[in-house]
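Novice: Sharing a structure here in structure tokens format.
The values are calculated or read from the model by the stated rules, or taken from the named source; none is laboratory data. For clarity, every value in this text was computed on a predicted model and none was experimentally measured. In this analysis, Cβ positions are derived from the backbone assuming ideal geometry, glycine residues included, and neighbour counts consider all displayed protein chains.
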2 protein chains.
Amino acid sequence: MQFNDLLLKRCMLKSLIRLGVRSVNNSRLFCYSRMPTATPMEELKAAVTQQGAIVRKLKESNPSPDELAAAIDELKIRKLALSNAEKASVVKEPKVDRAKFENLMKRRFFYGAAFSLYGGIAGLYDLGPAGCALKANMVNYWRNHFVVEENMLEVECTMLTPETVLRASGHVERFTDIMVKDVKTGDCYRADHLLEAHLEKALEGKGLTEETKEEINAVLRQIDNFGLKEIGELIQKYGCKAPVTNNDLSEPAEFNLMFGTSIGPTGLVKGFMRPETAQGIFVNYKRLLEYNQDKIPFAGAQIGQSFRNEISPRSGLLRVREFCQAEIEHFLDPEDKSHPKFKNVQDVKVKFYPCEAQMAGTDLHHVSVGEALEKGIIKSQTMGYFIARIHQYLAAVGIPEKNLRFRQHLQNEMAHYACDCWDAECKTTYGWVEIVGCADRSCYDLNAHSKATSTKLVAKQTLDTPVTREVVEVVLNKAAVGKAFKKEAGGVTTAIHEMGDEEKLQMKQKLESDIFKLTVGDKSYDITPAMVTSIAKVSKTEHVREFVPSVVEPSFGIGRILYCILECNFKVRENDEKRTWLDLPPLIAPTKCSVLPLSSTADFVPYVEELSAALRKLGIPNKVEDSSGSIGRRYARTDEIGIPFGITIDFDTVKQQTVTVRDRNSCSQIRVPVSETADLINKLCTDQISWQDAKQKYPEFLAQESSN
Amino acid sequence: MQFNDLLLKRCMLKSLIRLGVRSVNNSRLFCYSRMPTATPMEELKAAVTQQGAIVRKLKESNPSPDELAAAIDELKIRKLALSNAEKASVVKEPKVDRAKFENLMKRRFFYGAAFSLYGGIAGLYDLGPAGCALKANMVNYWRNHFVVEENMLEVECTMLTPETVLRASGHVERFTDIMVKDVKTGDCYRADHLLEAHLEKALEGKGLTEETKEEINAVLRQIDNFGLKEIGELIQKYGCKAPVTNNDLSEPAEFNLMFGTSIGPTGLVKGFMRPETAQGIFVNYKRLLEYNQDKIPFAGAQIGQSFRNEISPRSGLLRVREFCQAEIEHFLDPEDKSHPKFKNVQDVKVKFYPCEAQMAGTDLHHVSVGEALEKGIIKSQTMGYFIARIHQYLAAVGIPEKNLRFRQHLQNEMAHYACDCWDAECKTTYGWVEIVGCADRSCYDLNAHSKATSTKLVAKQTLDTPVTREVVEVVLNKAAVGKAFKKEAGGVTTAIHEMGDEEKLQMKQKLESDIFKLTVGDKSYDITPAMVTSIAKVSKTEHVREFVPSVVEPSFGIGRILYCILECNFKVRENDEKRTWLDLPPLIAPTKCSVLPLSSTADFVPYVEELSAALRKLGIPNKVEDSSGSIGRRYARTDEIGIPFGITIDFDTVKQQTVTVRDRNSCSQIRVPVSETADLINKLCTDQISWQDAKQKYPEFLAQESSN
């Protein structure tokens, strides 16, 4: 469900709903200036460690809630400062020249701003041929790695979603940001961002009393927690104006981030473009359970576009208004979070950055998933299983291990219904970016849809030994109830039976001397003694246990992963700064192989066609690179778009029926018979043979590469 | 671009824009009752042939436009009657029991109404696990068959589209139907449908004069051609009321079929969910041409969802509000419509139903594409090439040849910018349904976007021999023009240079005695003799030819093809009416293989796991069918969802390390060593070995199947 990244902001988020809507690098850098001891990284780390220790000690001493909250607030501020400084250092010492990288992306059309012919629209991007093939490969591998491997139940639901569904899920009410407008120009801003910037600037002013400073700092610390009214009052109080124009600001208003529309011709059925793919799985829960022959656990999965009308999208592909998600909802028994295939992954080593390490300012744990479970870093086999599987997926599609970590949400950063949450984060020139979220959630959504539709969304477990327990049973006088409440009698009856044992006993007591007032929704009903035949404890034997399943939810941002793959694998040839290349794994490379005739000689054409067709027959996308230019320049062109292997046809091909096969990463070449070439490329692309092995098998070839 | 099916309606359609919005089976059956000689099929055919001959003769005799139009109208009516009768006969003698078929689709969750938990929304469907896998296989094969095989340039553009783009393409203005409302209930109706039904009913009344009848018939014949005002007047004139309620109807209004929304926080950027994927390719034309190193022809392609807010969607998956399209825009030189790979497909045999055969009521031509080109049935190699490739695709994914035909659009059924258009149609229980459209179009869209953005969208061809030709050149007095028109001088200058030779000479003549009035947009400029230095014929040598490319557009409705595959392959076992099964080709079957332990004996478990894992490793989606029930019943369960092969593990597996492999279609079984099984299934699924060959290689096994 959730998809977000803004690690800096999350500590103050109150609900998962809000998580999706933060910008990547709006980086509350003000924290740095507010830090008392803020200078080099070591000091910042020490400040965090120190405060972490204070919080831990405090917790042991049974503190007042206010006291603890204040200490935790301070810890958060110090952690933010550290995180910002880390970020700043990333930006200051870039391993990737982002301008160069973006130039390549644009020039070879991996992606580009959508509708640029018409001036473009912020937050909308189109994928070009290379980006599109890369994405298709990522999605296909995702489907193999998760859906096929785990027998997940994939669905494809509509993006158009009626309001009723998103009202039940909480999106209509809570999927919002607070917005203000410049009263003259009508330009829109996030209210909290404006106020924040305004107060930061105010702090820099001279002549402020210590008291005022402390007051402003207190506001800043709470900036994410204010409601509509409070934000409005603070804007008034501190005289916050619109940037650039300095005009007055409008009253703040909630801005819902969903794209609204209307379904059907009447205009009466309100709808939205879905803000996430997860809800489609939840509303199909019953069908999926039935499809799975009522067995649990099982997982639903969905891949598709979601839509969020960001107020001011930035950061290229990392923050867009239309994006591809791949989500898994693994439904399981809340009382049994083991996973039958955990043993298959227990040795997978992952960098864990748990809550405690973040609080204490200590290092990551680079341990196996099995060890993490033993040490209590992770709490269940199922969470461990998915973290390992996510790690394997990301590694396979080309996220380097060194750029990857799993960061646990802090206790108060999590949604109220989640009991554990880990984000896969990738280090980029924008800092650490969340690319996958994995939450162990309760049964929030199924309960919400169940309530909204008065439909049971449960699973059943046949008990090996029936369970007998005492329950309080109410026997009603149906005739009396029916006479009193007419059409509403059914609702009243259900409400009484669904009361807890405690409540039923209270009703019994009440009825001995009086009537009982029953509240259903916003209505009240008088229950008289005559309506109740008996209320008594009885023994009940249950053969089946009924429960609302919990959900573990791995949620992938495909566009973000795609961006990270490209950025992390953008490289420059050691001896030639102008020659940039993409180190994409063959598994996901848009084009697997190039076919290059050495010159435009007609003799080469039949070989080019034969080899290209042979590769296609094996399902290997290939590109005939017969543009003008030296062979070296053409290799460089294929390196730029990450083609892992190249076949060159030269005069020896005509004479001896052999070609050269070139490896992109090492730039080394071997000489291979034409008849064996397609098969060799296929094996190289599917990891059935390594380049080293191929070099053992075929003679090396040393001539052409240098002819640049 | 276009996607529609309603062959009955199309004859009166004026523009391609309108084509997408018709319902499949709103079947103008009234035509039948209006036919004078309408009884058995032979008479209907004869009536069409007769009128076809009249039209042909008439054309030779240089008729008045009115006379010809009337004859063609009559021909259309007769053709409609024939087509309806054909449809009716299809429905009367169904080979597929649609209720049974739909029950299977629902029960095994191939697809289902979306949001049914909330009561459902008309025209929205979700794909379940089987439907989803089927679609993924269809799309992957489409990508291999078209994109990889032809080196097409695939893009993925956003669905959110700003209004400016769709205004340029004509959708904002013309993508509409005329709607009326019941003034009391607010229920919405298509105005033309209501009026039509009303007039048909009126015709059945008694006591009508021949004159009145003829008048009504004349209206009915034109029903698709009326505008807003005329429809309103006719509704008034004939006293047309709302169905059921008999309430008055509102004034008719244009209803645009696009889902509107607003992009960004200001509410000022109007947008729509795209109504087709084609426009994304057109607006990226320049980038794609550059990607292709300025070489033409090339094809852009896109697969993705499109959205149309149908007034009253029906016919299940055939008419939905959100659907998946796969579109190709093949850009080519309008002066050269040859195709380099035509020779590869010239022997592909296709059922052509050309315009002339439809007019004359004669039969289809079942000929090779090469022959069709020779005979002039199709007009270009490129059109022929794509028809053959579409045919190959549809055959491979499981549309039976007998259910498939290519129907040419009638002359007046085509959009004004198309010069040829063929639809692949599939015969279903709903009649013939368009599943792919293939239009040879002019440069309509590139011109439209070029005009809207003042950007050249052209291709260039370096001429082998430069061309010298006489052109009229206007030399302006820049100072005078600048002084007279200030800021607008540039626009005036461009407009003058862009005038045709003829027009320039007219201007020259005019200026000899007077001023010349130049019109640009809605403004007029006075050009005086002083502003023009000279107007004269000069010789110009061109080394490069610049042109706006034409487009051949194959457009696939993936959801419709999916429906047709399922319906056409729905079968019943000969000796058991209850045992229905799906004859899906292994290429696209959602699950390729089942693994069935004969019983729940623990000894079988390791074999089940080993085989399932071995299949997964080869990328073969498989299903362990270990539910309770006899092996026969479990085979039936796998047959129902179209699993082509099944592996059964029994006691001999434990003893002799062999399993049975079963073929779904023949229900025959062979005995295969465990170690060879996964590889055999892989070869069977990828057509490397046929079931017949497998039976030759391995001993037949005769025991288990009957134990139902």
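Novice: Here is a check on your reading of the model: is A:I281 under 23 Å from A:V433 (Cβ atoms), within 13 Å of chain B (Cβ to nearest Cβ) and in contact (Cβ under 8 Å) with a residue 60 or more places away in the chain? Walk me through it before giving the result.
Specialist: On the way: under 23 Å from A:V433 (Cβ atoms): no; within 13 Å of chain B (Cβ to nearest Cβ): yes; in contact (Cβ under 8 Å) with a residue 60 or more places away in the chain: yes.
When the stated conditions are applied, A:I281 does not pass them.
Novice: Is there a residue being under 30 Å from A:I281 (Cα atoms) and without any contact (Cβ under 8 Å) to a residue 24 or more places away in the chain anywhere in the stretch A:479-502?
Specialist: yes
Novice: Tell me, which residue of the stretch B:322-350 that is buried (at least 18 other Cβ atoms within 10 Å of the Cβ) and among the charged types (D, E, K, R) is nearest to the chain's Cα centre (by Cα)?
Specialist: So the residue we want is B:E327.
Novice: Can you tell me which residue within the stretch B:432-451, out of those that are out of contact with any Ser or Thr (no Cβ under 7 Å at 6 or more places or on another chain) and over 27 Å from B:E542 (Cβ atoms), is farthest from the other protein chains (Cβ to nearest Cβ)?
Specialist: B:W432
Novice: Here's a follow-up. Inside the stretch B:165-224, can you point out the residues that are farther than 30 Å from B:G280 by Cβ, among the basic types (K, R), touching a strand residue (DSSP E or B) at 6+ places or on another chain (Cβ under 9 Å) and at pLDDT below 90?
Specialist: Hits for the stretch B:165-224: nothing passes.
Novice: Only one of (1) of a type in the set (D, E, K, R); (2) outside any loop (DSSP other than H, G, I, E, B); (3) free of Cβ contacts under 8 Å to residues at least 40 places away in the same chain; (4) surrounded by fewer than 19 Cβ atoms within 10 Å (Cβ to Cβ) fails for A:R287. Which number is that?
Specialist: (4)
Novice: Next up: Would a scan of the stretch B:633-655 turn up a residue that is among the aliphatic types (A, V, I, L, M) and surrounded by fewer than 17 Cβ atoms within 10 Å (Cβ to Cβ)?
Specialist: yes
Novice: Another one. Tell me whether the stretch A:613-626 contains one or more residues that are within 14 Å of chain B (Cβ to nearest Cβ), over 30 Å from the mean Cα position of the chain (by Cα) and farther than 16 Å from A:I647 by Cβ.
Specialist: Yes, because at least one residue in the stretch A:613-626 is within 14 Å of chain B (Cβ to nearest Cβ), over 30 Å from the mean Cα position of the chain (by Cα) and farther than 16 Å from A:I647 by Cβ.
Novice: Does B:G384 count as touching a residue at least 60 places away in the same chain (Cβ under 8 Å) and crowded, with 18+ Cβ neighbours inside 10 Å? Working first, answer last.
Specialist: Values: touching a residue at least 60 places away in the same chain (Cβ under 8 Å): no; crowded, with 18+ Cβ neighbours inside 10 Å: yes.
Judged against the criteria, B:G384 is not a match.
Novice: Follow-up question, since we're still on this one. Identify all residues within the stretch A:588-625 that are farther than 19 Å from A:A130 by Cα, touching a residue at least 60 places away in the same chain (Cβ under 8 Å) and surrounded by 14 or more Cβ atoms within 10 Å (Cβ to Cβ); write none if there are none.
Specialist: Result: A:L598, A:Y607, A:E610, A:L611, A:A614, A:L618.
Novice: B:I387 fails exactly one of the following numbered conditions: (1) at negative phi; (2) more than 16 Å from the chain's Cα centre (by Cα). What is the number of that condition?
Specialist: (2)
Novice: Take the residues of the stretch B:290-311 that are more than 8 Å from chain A (Cβ to nearest Cβ) and farther than 16 Å from B:E156 by Cβ: which is surrounded by the fewest Cβ atoms within 10 Å (Cβ to Cβ)?
Specialist: The selected residue is B:K295.
Novice: On to the next question. Return the residues of the stretch B:209-233 that are over 22 Å from B:A70 (Cβ atoms), surrounded by fewer than 16 Cβ atoms within 10 Å (Cβ to Cβ) and either within 14 Å of chain A (Cβ to nearest Cβ) or touching a residue at least 12 places away in the same chain (Cβ under 8 Å) (or both); say none if nothing qualifies.
Specialist: Within the stretch B:209-233, just B:L228 meets the criteria.
Novice: Checking the condition outside any helix (DSSP H, G or I), more than 11 Å from every other protein chain (Cβ to nearest Cβ) and free of Cβ contacts under 8 Å to residues at least 24 places away in the same chain, which residue from A:K184, A:K206 passes?
Specialist: Details: A:K184 fails: free of Cβ contacts under 8 Å to residues at least 24 places away in the same chain.
When all the criteria are applied, what remains is A:K206.
Novice: While we're looking at this one, here's another question. So the check is Cβ under 7 Å with 6+ separation or different chains; which pairs have a first residue in the stretch A:96-109 that's without any contact (Cβ under 8 Å) to a residue 40 or more places away in the chain and closer than 17 Å to A:L584 by Cα and a second one that's surrounded by 15 or more Cβ atoms within 10 Å (Cβ to Cβ) and charged (D, E, K, R)?
Specialist: Final answer for the pair search is A:F109/B:R287.
Novice: Same structure again: Being touching a Phe, Trp or Tyr at 6+ places or on another chain (Cβ under 6 Å) and either outside any strand (DSSP E or B) or of a type in the set (A, V, I, L, M, F, W, C) (or both): is that true of A:V436 here? Break it down stepwise before answering.
Specialist: Numbers: touching a Phe, Trp or Tyr at 6+ places or on another chain (Cβ under 6 Å): yes; either outside any strand (DSSP E or B) or of a type in the set (A, V, I, L, M, F, W, C) (or both): yes.
It is true that A:V436 is touching a Phe, Trp or Tyr at 6+ places or on another chain (Cβ under 6 Å) and either outside any strand (DSSP E or B) or of a type in the set (A, V, I, L, M, F, W, C) (or both).
Novice: Could you please let me know if B:K343 is closer than 22 Å to B:F146 by Cα, out of contact with any Phe, Trp or Tyr (no Cβ under 9 Å at 6 or more places or on another chain) and either basic (K, R) or away from every other protein chain (no Cβ under 14 Å) (or both)?
Specialist: Values: closer than 22 Å to B:F146 by Cα: yes; out of contact with any Phe, Trp or Tyr (no Cβ under 9 Å at 6 or more places or on another chain): yes; either basic (K, R) or away from every other protein chain (no Cβ under 14 Å) (or both): yes.
In short, yes.
Novice: Specify which of the listed residues (B:E553, B:E503) is part of a strand (DSSP E or B) and not hydroxyl-bearing (S, T, Y). Steps first, answer last, please.
Specialist: On the way: B:E503 fails: part of a strand (DSSP E or B).
Going through B:E553, B:E503 in turn, just one is part of a strand (DSSP E or B) and not hydroxyl-bearing (S, T, Y): B:E553.
Novice: Let me ask another. Of everything in the stretch B:148-178, what is aliphatic (A, V, I, L, M), surrounded by fewer than 21 Cβ atoms within 10 Å (Cβ to Cβ) and facing chain A (nearest Cβ under 7 Å)? Give them in sequence order. I'd like the intermediate steps shown before the answer.
Specialist: Within the stretch B:148-178, the subset aliphatic (A, V, I, L, M) is B:148, B:152-153, B:155, B:159-160, B:165-166, B:168, B:172, B:178.
Next, only the ones that are surrounded by fewer than 21 Cβ atoms within 10 Å (Cβ to Cβ) stay: B:148, B:152, B:172.
Passing the criteria: only B:V148.
Novice: Taking the stretch A:219-254 as the search range and keeping residues that are in contact with a helix residue (DSSP H, G or I) (Cβ under 7 Å, 6 or more places away or on another chain) and assigned to a strand (DSSP E or B), which one is farthest from A:E200 (Cα to Cα)?
Specialist: Checked the stretch A:219-254; the qualifying residue farthest from A:E200 (Cα to Cα) is A:E254.
Novice: Could you please tell me which pairs satisfy a Cβ distance under 7 Å, a separation of 6+ or placement on different chains, a first residue in the stretch A:245-263 that is within 10 Å of another protein chain (Cβ to nearest Cβ), and a second residue that is surrounded by fewer than 18 Cβ atoms within 10 Å (Cβ to Cβ)?
Specialist: Close Cβ pairs (under 7 Å, with a partner that is surrounded by fewer than 18 Cβ atoms within 10 Å (Cβ to Cβ)) amount to A:G260/A:K270; A:T261/B:G260; A:S262/A:V269; A:S262/A:K270; A:I263/A:V269.
Novice: Scanning for something modelled with pLDDT of 95 or more, assigned to a loop (DSSP other than H, G, I, E, B) and more than 28 Å from B:A396 (Cα to Cα), does the stretch B:672-689 turn up at least one residue?
Specialist: Scanning the stretch B:672-689, I find no residue that is modelled with pLDDT of 95 or more, assigned to a loop (DSSP other than H, G, I, E, B) and more than 28 Å from B:A396 (Cα to Cα), so the answer is no.
Novice: Look through A:A495, A:A530 and report the one residue that is in contact with a helix residue (DSSP H, G or I) (Cβ under 8 Å, 6 or more places away or on another chain), farther than 10 Å from A:V474 by Cβ and in a helix (DSSP H, G or I). Outline the logic, then answer.
Specialist: Values: A:A495 fails: in contact with a helix residue (DSSP H, G or I) (Cβ under 8 Å, 6 or more places away or on another chain).
One residue alone meets the criteria, A:A530.
Novice: Any idea which of B:K286, B:K295 is modelled with pLDDT under 95 and under 30 Å from B:L463 (Cβ atoms)?
Specialist: Working: B:K286 fails: modelled with pLDDT under 95.
On inspection, the qualifying residue turns out to be B:K295.
Novice: How many of the residues in the stretch B:505-536 are touching a residue at least 60 places away in the same chain (Cβ under 8 Å) and crowded, with 17+ Cβ neighbours inside 10 Å?
Specialist: We begin by selecting, within the stretch B:505-536, every residue touching a residue at least 60 places away in the same chain (Cβ under 8 Å); these are B:534-536.
Among the residues that remain, those that are also crowded, with 17+ Cβ neighbours inside 10 Å are: B:535.
Qualifying residue count, the stretch B:505-536: 1.
Novice: Can you find a residue that is at pLDDT 95 or above, part of a loop (DSSP other than H, G, I, E, B) and within 30 Å of B:T185 (Cβ to Cβ) anywhere in the stretch B:267-278?
Specialist: Yes.
Novice: Test B:G239 against the criterion of being on the phi > 0 side of the Ramachandran plot and within 14 Å of chain A (Cβ to nearest Cβ), and give yes or no. Before the answer, list the steps.
Specialist: Numbers: on the phi > 0 side of the Ramachandran plot: yes; within 14 Å of chain A (Cβ to nearest Cβ): no.
So B:G239 fails the test.
Novice: Of everything in the stretch A:455-484, what is loosely packed, with under 12 Cβ neighbours inside 10 Å and among the small types (G, A, S)? Give them in sequence order.
Specialist: Within the stretch A:455-484, just A:A479 meets the criteria.
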